[in-house]
1. Out of everything in region 11-24 that is closer than 23 Å to Met1 by Cβ and either open to solvent by less than 40 Å² (accessible area, probe 1.4 Å) or of a type outside the set (Val, Ile, Thr) (or both), what residue ends up being farthest from the chain's Cα centre (by Cα)?
2. Being open to solvent by less than 80 Å² (accessible area, probe 1.4 Å), without any contact (Cβ under 8 Å) to a residue 60 or more places away in the chain and either outside any strand (DSSP E or B) or of a type outside the set (Lys, Arg) (or both) is the requirement here; does Leu36 meet it?
3. Would you pick out the residues in region 39-58 that are part of a helix (DSSP H, G or I), open to solvent by less than 60 Å² (accessible area, probe 1.4 Å) and either in contact (Cβ under 8 Å) with a residue 40 or more places away in the chain or out of contact with any strand residue (DSSP E or B) (no Cβ under 9 Å at 6 or more places or on another chain) (or both)?
4. Can you confirm whether Ser27 is within 10 Å of the chain's Cα centre (by Cα), among the hydroxyl-bearing types (Ser, Thr, Tyr) and open to solvent by less than 100 Å² (accessible area, probe 1.4 Å)?
Amino acid sequence: MAHVLIVISWLGGGMNGAAISTQEFTSAERCEAARLALIEYAKARGYEETLRPICMQK
């Protein structure tokens, strides 16, 4: 069953609105691994508050 990673990010600190992107994965585990990697990447750069990644079953 396919899973989709939905990423909502606020550009320009929320002044320019939200940007939404999606990526499809073949399993929940792969989707969750990508979500966690994205969170770690955002934390390392100090912008985790502007990013909301969510995994959902398709």
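1. This residue is Glu24.
2. Values: open to solvent by less than 80 Å² (accessible area, probe 1.4 Å): no; without any contact (Cβ under 8 Å) to a residue 60 or more places away in the chain: yes; either outside any strand (DSSP E or B) or of a type outside the set (Lys, Arg) (or both): yes.
The answer is no for Leu36.
3. Within region 39-58, Thr50 is the sole residue that qualifies.
4. Against the criterion (within 10 Å of the chain's Cα centre (by Cα), among the hydroxyl-bearing types (Ser, Thr, Tyr) and open to solvent by less than 100 Å² (accessible area, probe 1.4 Å)), Ser27 does not qualify.
The values are calculated or read from the model by the stated rules, or taken from the named source; none is laboratory data. Keep in mind that this is a model prediction, so the values were computed, not measured. Because the Cβ atoms are built from the backbone with ideal geometry, glycine has one as well, and the counts that use them run over all protein chains shown. These area figures cover heavy atoms from the full protein model, side chains too; ligands, DNA and RNA do not enter into them. Shrake-Rupley method; radii C 1.70, N 1.55, O 1.52, S 1.80 Å.
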